[in-house]
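Chemist: Here's a structure for you.
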Ligand code: NDP
């Protein structure tokens, strides 16, 4: 059968991840990367990968089955997804949780009349974590769901510490509290505050002459970012930062504890431990691109989320093979 033809829009961390992930999916082929930057400026991981200007996309409508949109959630996707969902089937990883309803509406208005399928907010959170929260809640209506994140590098918090006066460079990790997770796993539905659930760890390189105590205090008391958490600040040199803090780890846990009757606690847990957040997120996007292609063939048009995708549509295997091997 024919390969599913994929286009990548935007060549950052996710774009590179999708380029790599397609190599593990033999039912797909990569048509090329489309970027707002001049094509000659991009150096792709695989030198065979073709790079095109964004303006060329229109002429690819018959040559691409699904576009994987790898732009940023804040400034790129709110424009790019509705514009492109009117022309192509799309998958994106829009992750501004509070704005998903309005994003859905704008994408649906573009995709549905054009008979295109647009899978929005695909990834791990939102994405696989959302699905696991849904499964757990549906199965145990009498219960409580807890999401823990980390150990993870937070881009937003890393940016925030780098803006502190006296800081030359730095990164921030969010960690789930082992104590809180242990309490949740007992099935007793503890009440946990923000401070109980996560801690924050910063690795900071100081500018020459900066006062470490002042920098530490400024970070720990920063409103919205750190003041509601127990934060540790480690001062390191630039070599250590370069050697030990270049990866983008992330992950976390979705745990629901519930009761089927007062004396029976039931606990459901799903966890991810990721060395490389964008590499993993891209792999999720690629699996969902397969589903987007199939749903479009089935006439399921408009904006969709992970909740609308039947699990079997994600698999490279046929429904017959899945029934034989996995049921
Ligand atoms: P990047 O910042 O790496 O890339 C975003 C866009 O910026 C690219 O599409 C690219 O567009 C442009 N860009 C990238 N590198 C450069 C550069 N050197 N110079 C100029 N422009 C550049 O973002 P990520 O790929 O890391 O993440 C994209 C989004 O994915 C995030 O905003 C996040 O919201 C989401 N995400 C969602 C997850 C989930 O679980 N749902 C998990 C992880 C991320 P162009 O090529 O057109 O210039």
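Chemist: From (1) touching a helix residue (DSSP H, G or I) at 6+ places or on another chain (Cβ under 8 Å); (2) more than 28 Å from residue 264 (Cα to Cα); (3) outside any loop (DSSP other than H, G, I, E, B), pick out the condition that doesn't hold for residue 195.
Modeler: (1)
Chemist: May I ask you to list the residues in region 1-13 that are free of Cβ contacts under 8 Å to residues at least 60 places away in the same chain and away from the ligand (no atom under 16 Å from the Cβ)?
Modeler: Taking region 1-13 first, the residues free of Cβ contacts under 8 Å to residues at least 60 places away in the same chain are 1-3, 11.
1, 2, 3 - these are the residues of region 1-13 that are free of Cβ contacts under 8 Å to residues at least 60 places away in the same chain and away from the ligand (no atom under 16 Å from the Cβ).
Chemist: For region 311-326, what are the residues that are within 24 Å of the chain's Cα centre (by Cα) and closer than 15 Å to residue 293 by Cβ? Can you show your working first?
Modeler: Of the residues in region 311-326, the ones within 24 Å of the chain's Cα centre (by Cα) are 311-316.
Hits for region 311-326 are 312, 313, 314, 315, 316.
Chemist: Take the residues in region 14-38 that are within 10 Å of the ligand (Cβ to nearest atom) and surrounded by 17 or more Cβ atoms within 10 Å (Cβ to Cβ); name whichever of them is nearest to the chain's Cα centre (by Cα).
Modeler: Among those that are within 10 Å of the ligand (Cβ to nearest atom) and surrounded by 17 or more Cβ atoms within 10 Å (Cβ to Cβ), it is 14.
Chemist: Then there is this: When residues of region 162-192 are filtered for being over 19 Å from residue 265 (Cα atoms) and not in a helix (DSSP H, G or I), how many remain?
Modeler: Qualifying residue count for the region: 15.
Chemist: Another question about this same structure. Could you tell me whether any residue of region 147-159 is modelled with pLDDT of 95 or more, part of a loop (DSSP other than H, G, I, E, B) and within 11 Å of the ligand (Cβ to nearest atom)?
Modeler: Within region 147-159, not a single residue is modelled with pLDDT of 95 or more, part of a loop (DSSP other than H, G, I, E, B) and within 11 Å of the ligand (Cβ to nearest atom).
Chemist: Taking the condition of being touching a residue at least 12 places away in the same chain (Cβ under 8 Å) and part of a strand (DSSP E or B), how many residues in region 224-281 meet it?
Modeler: Matching residues across region 224-281 total 27.
Chemist: Can I ask one more? State all residues of region 190-205 that are surrounded by fewer than 18 Cβ atoms within 10 Å (Cβ to Cβ) and over 22 Å from the mean Cα position of the chain (by Cα); if no residue qualifies, say none.
Modeler: 190, 191, 193, 195, 196
Chemist: Among residues belonging to region 95-132 that are surrounded by fewer than 20 Cβ atoms within 10 Å (Cβ to Cβ) and more than 21 Å from residue 74 (Cα to Cα), point out the one that is nearest to the ligand (Cβ to nearest atom).
Modeler: Across region 95-132, the extreme among qualifying residues is 131.
Chemist: Is there a residue in region 133-142 that is in contact with a strand residue (DSSP E or B) (Cβ under 9 Å, 6 or more places away or on another chain), in contact (Cβ under 8 Å) with a residue 40 or more places away in the chain and within 14 Å of the ligand (Cβ to nearest atom)? So that I can check it myself, show each step before the final result.
Modeler: Here is the first cut: in region 133-142, the residues in contact with a strand residue (DSSP E or B) (Cβ under 9 Å, 6 or more places away or on another chain) are 133, 135-137, 139-142.
Still in the list and also in contact (Cβ under 8 Å) with a residue 40 or more places away in the chain: 133, 135-137, 139-142.
Still in the running and within 14 Å of the ligand (Cβ to nearest atom): 133.
So far as region 133-142 goes, yes, one or more of its residues are in contact with a strand residue (DSSP E or B) (Cβ under 9 Å, 6 or more places away or on another chain), in contact (Cβ under 8 Å) with a residue 40 or more places away in the chain and within 14 Å of the ligand (Cβ to nearest atom).
Chemist: For region 313-320, state whether one or more residues are touching a residue at least 60 places away in the same chain (Cβ under 8 Å) and either surrounded by 20 or more Cβ atoms within 10 Å (Cβ to Cβ) or part of a strand (DSSP E or B) (or both). It would help to see each step written out before you state the result.
Modeler: Quick first cut of region 313-320, residues touching a residue at least 60 places away in the same chain (Cβ under 8 Å) only: 316.
Next, from what is left, pick out any that are either surrounded by 20 or more Cβ atoms within 10 Å (Cβ to Cβ) or part of a strand (DSSP E or B) (or both): none.
Looking through region 313-320, none of the residues is touching a residue at least 60 places away in the same chain (Cβ under 8 Å) and either surrounded by 20 or more Cβ atoms within 10 Å (Cβ to Cβ) or part of a strand (DSSP E or B) (or both).
Chemist: Same structure again: What is the residue count in region 282-307 for residues that are in contact (Cβ under 8 Å) with a residue 40 or more places away in the chain, in a helix (DSSP H, G or I) and away from the ligand (no atom under 16 Å from the Cβ)?
Modeler: Summing the residues that are in contact (Cβ under 8 Å) with a residue 40 or more places away in the chain, in a helix (DSSP H, G or I) and away from the ligand (no atom under 16 Å from the Cβ) in region 282-307 gives 4.
Chemist: Also, I was wondering about something else. For region 39-71, name all the residues that are within 16 Å of the ligand (Cβ to nearest atom) and free of Cβ contacts under 8 Å to residues at least 24 places away in the same chain.
Modeler: Scanning region 39-71 gives 39, 40, 41, 43, 50, 52, 53, 55, 56.
Chemist: Can I ask one more? Taking region 72-82 as the search range and keeping residues that are within 13 Å of the ligand (Cβ to nearest atom) and without any contact (Cβ under 8 Å) to a residue 40 or more places away in the chain, which one is nearest to residue 294 (Cα to Cα)?
Modeler: First, the residues of region 72-82 that are within 13 Å of the ligand (Cβ to nearest atom): 72-81.
Subset that is without any contact (Cβ under 8 Å) to a residue 40 or more places away in the chain: 73-75, 77-79, 81.
Working: 73: 25, 74: 29, 75: 29, 77: 23, 78: 25, 79: 25, 81: 19 Å.
Among those that are within 13 Å of the ligand (Cβ to nearest atom) and without any contact (Cβ under 8 Å) to a residue 40 or more places away in the chain, it is 81.
The values are calculated or read from the model by the stated rules, or taken from the named source; none is laboratory data. Being a predicted model, the structure only gives us computed values, none of them experimental. Glycine gets a Cβ as well: all are built from the backbone with ideal geometry, and neighbour counts include every protein chain shown.
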